[in-house]
Amino acid sequence: MLKVEKDAKAGYLELTVDGVVHKDEYQLAVDAVDELLKTHEQINVVEVVRDIGWVDAQVWWKDLLFHLSHRNFIHRAAVVSDNGWIGPMTRMFAPFYPAAIRTFGLDQLEYAPTWAKVGDLHRAAD
């Protein structure tokens, strides 16, 4: 399952992955990004990865093409997961994106959207 929630006014997208990801669910995520980019130059994203099940090869291919055509669409991205390999994998690919990317554990799920929307609050006050 890939759940997509967006806040068009804030330019914010939240994706939750929990199991098998189907191509129609993936397309909803792509459509949400494209809709947000009509009114925002960049968007802030939170991706919550609870569990990753089977992902159809067509989805992987579409995702690769999507990221090639949407190179600079993320301002801040928070990746939230307790899956041990998600954090290192995120940090490995982060240099390929001109965005602020940070990983969080599921115990920090309440803070991740705040960081994605406004950054570190203690730094904003400086």
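The values are calculated or read from the model by the stated rules, or taken from the named source; none is laboratory data. Computed from a prediction, not measured in an experiment: that's the story for all the values here. Heads up, the Cβs are rebuilt from the backbone with ideal geometry, glycines too, and the neighbour counts pull from every protein chain shown. For accessibility, only protein heavy atoms count, side chains too; no ligands or nucleic acids. Shrake-Rupley method; radii C 1.70, N 1.55, O 1.52, S 1.80 Å.
Taking the chain as a Gaussian network of alpha-carbon nodes connected by springs under 10 Å, the highest mean-square fluctuation of the residues Val33, Val79, Val55 belongs to Val55. Solvent-accessible area of His40, all protein chains in place: 40 Å² (probe radius 1.4 Å, heavy atoms, ligands and nucleic acids excluded).
A full extension of the chain between Gln42 and Arg91 corresponds to an added length of 15.6 nm, given 0.36 nm per residue minus the alpha carbon distance.
All other residues with a Cβ under 12 Å from the Cβ of Leu109 taken together, and with Lys, Arg as +1 and Asp, Glu as -1, what is their net charge? Here the charged neighbours net out to -4. A cut-off under 10 angstrom between Cβ atoms defines the neighbours of Asn44, and their net charge, with Lys, Arg +1 and Asp, Glu -1, is 0.
Remark: spin-label model distance Asp24-Lys9 equals 3.1 nm, labels positioned 7 Å along the Cα→Cβ axis. Exposure here means at most 12 other Cβ atoms within 10 Å; with trypsin sites (Lys or Arg not before Pro) in a DSSP loop as sites, the longest stretch of the chain lacking them is 72-126. Here the average projected area of the convex hull drawn through the C-alpha atoms of the chain stands at 7.8 nm².
Between Trp60 and Val118, the modelled labels are 4.0 nm apart [label points 7 Å from Cα along Cα→Cβ]. Of the solvent-accessible surface of the range 1-103, computed with a 1.4 Å probe over protein heavy atoms with every protein chain present, carbon and sulfur atoms account for 59 percent. Sparse packing (at most 12 other Cβ atoms within 10 Å of the Cβ) combined with a DSSP loop state is found for the following chymotrypsin sites (Phe, Trp or Tyr not before Pro) in the range 69-99: Trp85.
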